[in-house]
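To keep things clear, I will list the structure first and then write my remarks on it.
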Amino acid sequence: MEVGVTETATGTDWQSWQESWDRQQEWYMPDREERFRVMLDMVEAVVGPEPRVLDLACGTGSITDRLLKRFPNATSTGVDLDPALLAIARGTFDGDDRVAFVTADLKDPDWTARLPHTSYDAVLTATALHWLHRDPLTTLYGQLGGLVRDGGVFMNADRTIDTATPRINAAERAHRHAAMDRAKEAGALDWADWWAVAAKDPVLAAPTAERFAIYGEHADGDMPSADWHARTLLAAGFGEARAVWASPSDSLVLAVK
């Protein structure tokens, strides 16, 4: 089954690409929408329903999409380096003046200078920062300590591994992968399948080749525990930090400035 290749009268059907990315991500994370719901619940609880948001490592803009559907008066700046995913994001939100996208490398010491604002009510990210090792992630958290306004929030929903529980980890992984195998047999696209489709698309082929030149095939970063994230955020200047949601494999860590 091909996805994301529908053409409209004016060009690429970016919404189809956005939806196909969501389905591919859900193959790995069936509870993906639940973490987004809790993330936005906590945005509303701490900073209210009209936040200025930085969608960090935004990809196709999945967080921004859910943010604006729930909070129509919110604004979002999406930042990423991936040219293919940014093409989908920019196409999806074209003409929406609540949204801006910035191309930047989060490992660049000066990446924050590219942003249109010097502070944000909320910085949100999901399933992205595991591409970074602990040292650059610690540096990034320090930078975010300067971007989030006093009373504002940072939230990271990602894979978190507690190395103190190896038997639990192994059982969870085996169970999760068995479910993924069943979904794949039923026709779900995995990461490699999705990118193979993108590489054949006349619009996305070139940015897809560029993104693999930048990133390679897979993340080589770290997946430290939720406690590590909380401790590192506290050291970066946040006043409080802890997990506010967790699955057997992932956590949503919230820090308040």
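The values are calculated or read from the model by the stated rules, or taken from the named source; none is laboratory data. Bear in mind that the values here come from a model prediction, so they are computed numbers and not experimental data. Reconstructed Cβ throughout: ideal geometry from the backbone, glycine too, with neighbour counts over all protein chains shown. To get the accessible areas, we keep the full protein, side chains included, count just its heavy atoms, and leave off ligands, DNA and RNA. Shrake-Rupley method; radii C 1.70, N 1.55, O 1.52, S 1.80 Å.
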**Request:** For region 58-70, enumerate the residues that are in contact with a Gly (Cβ under 9 Å, 6 or more places away or on another chain) and surrounded by fewer than 24 Cβ atoms within 10 Å (Cβ to Cβ).
**Result:** 59
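Scanning for something within 23 Å of residue 36 (Cα to Cα) and loosely packed, with under 15 Cβ neighbours inside 10 Å, does region 96-112 turn up at least one residue?
From region 96-112, those within 23 Å of residue 36 (Cα to Cα) are 96-102, 106; that's our starting set.
Still in the running and loosely packed, with under 15 Cβ neighbours inside 10 Å: 96-97.
Yes, some residue in region 96-112 is within 23 Å of residue 36 (Cα to Cα) and loosely packed, with under 15 Cβ neighbours inside 10 Å.
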**Message:** Give all pairs with beta carbons closer than 6 Å in which a residue from region 171-193 that is within 19 Å of residue 247 (Cα to Cα) and without any contact (Cβ under 8 Å) to a residue 24 or more places away in the chain meets a residue that is small (Gly, Ala, Ser) and open to solvent by less than 60 Å² (accessible area, probe 1.4 Å); count only pairs at least 6 apart in sequence or on separate chains.
**Reply:** none
**Item:** Scope region 1-15; condition crowded, with 18+ Cβ neighbours inside 10 Å and either of a type in the set (Gly, Ala, Ser) or modelled with pLDDT of 95 or more (or both); matching residues
**Value:** 4, 14
**Item:** Leading residue by the ranking (farthest from residue 178 (Cα to Cα)) among those in region 16-57 that are open to solvent by 20 Å² or more (accessible area, probe 1.4 Å) and of a type in the set (Lys, Arg)
**Value:** 52
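From the list 255, 209, 235, which one is in contact with a Phe, Trp or Tyr (Cβ under 6 Å, 6 or more places away or on another chain) and modelled with pLDDT of 95 or more?
Working: 209 fails: in contact with a Phe, Trp or Tyr (Cβ under 6 Å, 6 or more places away or on another chain); 235 fails: in contact with a Phe, Trp or Tyr (Cβ under 6 Å, 6 or more places away or on another chain).
The unique qualifying residue is 255.
Out of all the residues in region 229-245, is one or more acidic (Asp, Glu), open to solvent by 50 Å² or more (accessible area, probe 1.4 Å) and part of a loop (DSSP other than H, G, I, E, B)? Steps first, answer last, please.
To start, the set of residues in region 229-245 that are acidic (Asp, Glu) comprises 240.
Now restrict to residues that are open to solvent by 50 Å² or more (accessible area, probe 1.4 Å): 240.
Retained after the next criterion (residues that are part of a loop (DSSP other than H, G, I, E, B)): none.
There is no residue in region 229-245 that is acidic (Asp, Glu), open to solvent by 50 Å² or more (accessible area, probe 1.4 Å) and part of a loop (DSSP other than H, G, I, E, B).
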**Prompt:** Can you tell me how many residues in region 68-86 are among the aliphatic types (A, V, I, L, M) and over 13 Å from the mean Cα position of the chain (by Cα)?
**Reply:** 3
**Asked** So which pairs qualify, if the first residue must be in region 79-106 and over 20 Å from residue 211 (Cα atoms), the second must be assigned to a helix (DSSP H, G or I) and open to solvent by 40 Å² or more (accessible area, probe 1.4 Å), the Cβ gap must be under 8 Å, and the two must be at least 6 apart or on different chains?
**Response** 94/14
**Message:** Conditions first: (1) acidic (Asp, Glu); (2) modelled with pLDDT of 95 or more; (3) over 22 Å from residue 36 (Cβ atoms). Residue 222 passes all but one, so which condition is the exception?
**Reply:** (2)
**Asked** What are the residue pairs meeting all of these: first residue in region 226-248, first residue over 24 Å from residue 37 (Cα atoms), second residue acidic (Asp, Glu), Cβ atoms under 9 Å, and 6 or more apart or on different chains?
**Response** 234/240
